[in-house]
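The values are calculated or read from the model by the stated rules, or taken from the named source; none is laboratory data. Bear in mind the structure is a predicted one, so any value in this text is a computation, not a measurement. In this analysis, Cβ positions are derived from the backbone assuming ideal geometry, glycine residues included, and neighbour counts consider all displayed protein chains. Accessible surface areas use protein heavy atoms only, side chains included; no ligands, DNA or RNA. Shrake-Rupley method; radii C 1.70, N 1.55, O 1.52, S 1.80 Å.
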Amino acid sequence: MSRAETIELVYLACAVCFIVALKGLSSPRTARAGNLVGAAGMIVAVGATFATPGLHRIGLIVVAIAVGTIVAVPAARVVKMTAIPQMVAAFNGVGGAAAALVSLAEFDRAGADSGVGTAAAVVFSALVGAISFSGSAVTYAKLQELMTGRPIVLPTQRLLNAGLGLAVVGLSIWGIAGRSMTAVVLLSLVALALGVLFVLPVGGADVPVVISLLNSFTGLAVAATGAVLRTTLLIVAGTLVGASGTLLTRMMSQAMGRPLTNILFGAITARPTTAVTGAATGDRSVHTGTVDDVGVLLAYARRVVVVPGYGLAVAQAQHTIRELADLLAQRGVDVVYGIHPVAGRMPGHMNVLLAEANVAYEQLREMDDVNPQMPLTDVVLVVGANDVVNPAARDEPGSPIYGMPILNVDEARAVVFLKRSMRPGFAGIDNALLYHPKTTMLFGDAKDTLTALVSAVKTV
């Protein structure tokens, strides 16, 4: 067996590792093992690449790997749980840019000798990779709150999109038919602008869906780059990422009860409405309670649903909420966690956060399982969540989040909100539930408040 054939077999084994890794990542129980299998497959694949006959500039490759390792390892170790979505967005954007640049470099080397198929693959990789890069940069800015999370629609957004779309078609034809490097470079620049305009109109509550979609874009760009380089492993790996990202995007759209086109383009196509968000809040008075009162309410409840949100992650209060839940369970209270599909800043954010605190998987309940039991629930404890429990998504057609399924916490007998302030959620809209007579507000840092609640329950 030749060296090239041996390398192809190694690549095949690595591809199997990637598939096993994806399967493992589908469940919190096996996520860690799946991640390790995928990482092992990638390490072996990189090692096998060094054995490829005719490989040039090995020194530069080693330097690039060393620089990447020096940057990535500390970043992964020091990143906070709240910043994981931003890191995912950043890595995703870098991956898209890398795929586009590699394709451009190969196209520049081959020049007019490139076939039509290769030219088409380069055009596709440059287009999709550049969109993924700039789109991910805007997503990062929204998640990091470097810019507003509200939808941003430029006055001439439709005309700009149409003009850029025509430019993409024209430059793509020129690049493929004429094997023109100039056309592909111009196409990449147009795609960068298109990526920004693609993400700007997306509201904060919908950003997790866009992260997933851009992830699939990066995978497709990598697969196209694999076709340019004639590297089977890149094609397989990119296709796996593209397919899994596409499926996740579809499932998230279904979970939000809205078509993907509405999530992506709803702000552009929306008509003005006279509906007023929060119009049914009456005098908008807020009922604030004390820790002791809420402690008694929780201690004598029969069923409590905890709804975690991004604020729980910010406060790093996952261990404290588990302590409170365990304490209530010892008193005979049925405690479960109601997990919204897009709670936090990315899919699975709350699952990972609570798993870190060793919360039993059996206590993590999906939205569809929790909602039918809400009328039978004595207390819902909302910790740092807002948009995912906002009745406006269900009741107000004029709301930006209208149509998104929510946890129907307003159907429970009592609702307790743990919030720092009355500031709106990531979608930037008010929540009428905060003013409901059955709602009690506890203001302050979630970890401090939960710690006080633990002490209060112990004294009951």
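What does the stretch 338-389 give for Rg and for Dmax, in Å, if only its C-alpha atoms count?
11.2, 30
May I ask for the Rg/Rh ratio of the stretch 87-136, computed from Cα atoms with Rh as the Kirkwood radius, given to two decimals?
Ratio of gyration radius to Kirkwood radius for the stretch 87-136: 1.07.
So for the stretch 80-189, Kirkwood radius off the Cα pairs, Stokes-Einstein at 37 °C and 0.692 mPa s: how many µm² s⁻¹?
It comes out at roughly 215 µm²/s.
What angle do you read, to the nearest 10 degrees and between 0 and 90, between the alpha-carbon axis of helix 84-110 and the longest principal axis of the chain?
10
Could you work out the percent of alpha carbon pairs in the stretch 125-182 separated by over 13 Å, rounded to a whole number?
Roughly 73 percent, rounded to a whole number.
Accessible area of the chain with a 1.4 Å probe: how many percent of it is carbon plus sulfur?
With neighbouring chains kept in place, the figure for the chain is 65 percent.
Once ligands and nucleic acids are excluded and a 1.4 Å probe is used, how much of Val314 is accessible, expressed in Å² to the nearest 10?
70
Helix 157-178 versus the longest principal axis of the chain: what angle, 0 to 90°, nearest 10, using Cα atoms?
For helix 157-178, the angle is close to 30 degrees.
Starting from the Cα-Cα distance between Thr182 and Arg32, subtract it from 0.36 nm times their residue separation and give me the gain in nm to one decimal.
Roughly 49.5 nm would be gained on extension.
What accessible area per residue, rounded to a whole number of Å², is obtained for the chain using a probe radius of 1.4 Å?
So the chain comes to 47 Å² accessible per residue, rounded to a whole number.
Report the full-extension gain for the segment Ile58 to Thr290: residue separation times 0.36 nm, less the Cα-Cα distance, to one decimal in nm.
77.0 nm
Along its principal axes, what span do the Cα atoms of the chain show, with the longest given first and each in whole Å?
Over the chain, Cα extents along the principal axes are 78, 53, 33 Å.
Expressed as an acute angle from 0 to 90° and rounded to the nearest 10, what is the orientation of the C-alpha long axis of helix 181-199 relative to the principal long axis of the chain?
10
Take the alpha carbon atoms of the stretch 36-51, find their center, do the same for the stretch 94-138, and report the distance between the two centers in whole angstrom.
A separation of 23 Å, based on Cα centres.
Seen from all sides and averaged, what is the projected area of the convex hull of the Cα atoms in the stretch 38-89, in nm²?
4.6
Which FRET efficiency value, to the nearest 0.05, is calculated for Ile70 and Met251 with the Förster distance at 30 angstrom and r the Cβ-Cβ distance?
0.25
For the chain, what is the calculated [θ] at 222 nm in deg cm²/dmol (nearest 500), taking -39500 (n - 2.57) for each run of four or more DSSP H residues and dividing by its residue count?
Taking each H run of at least 4 residues, the total per residue is -19500 deg cm²/dmol.
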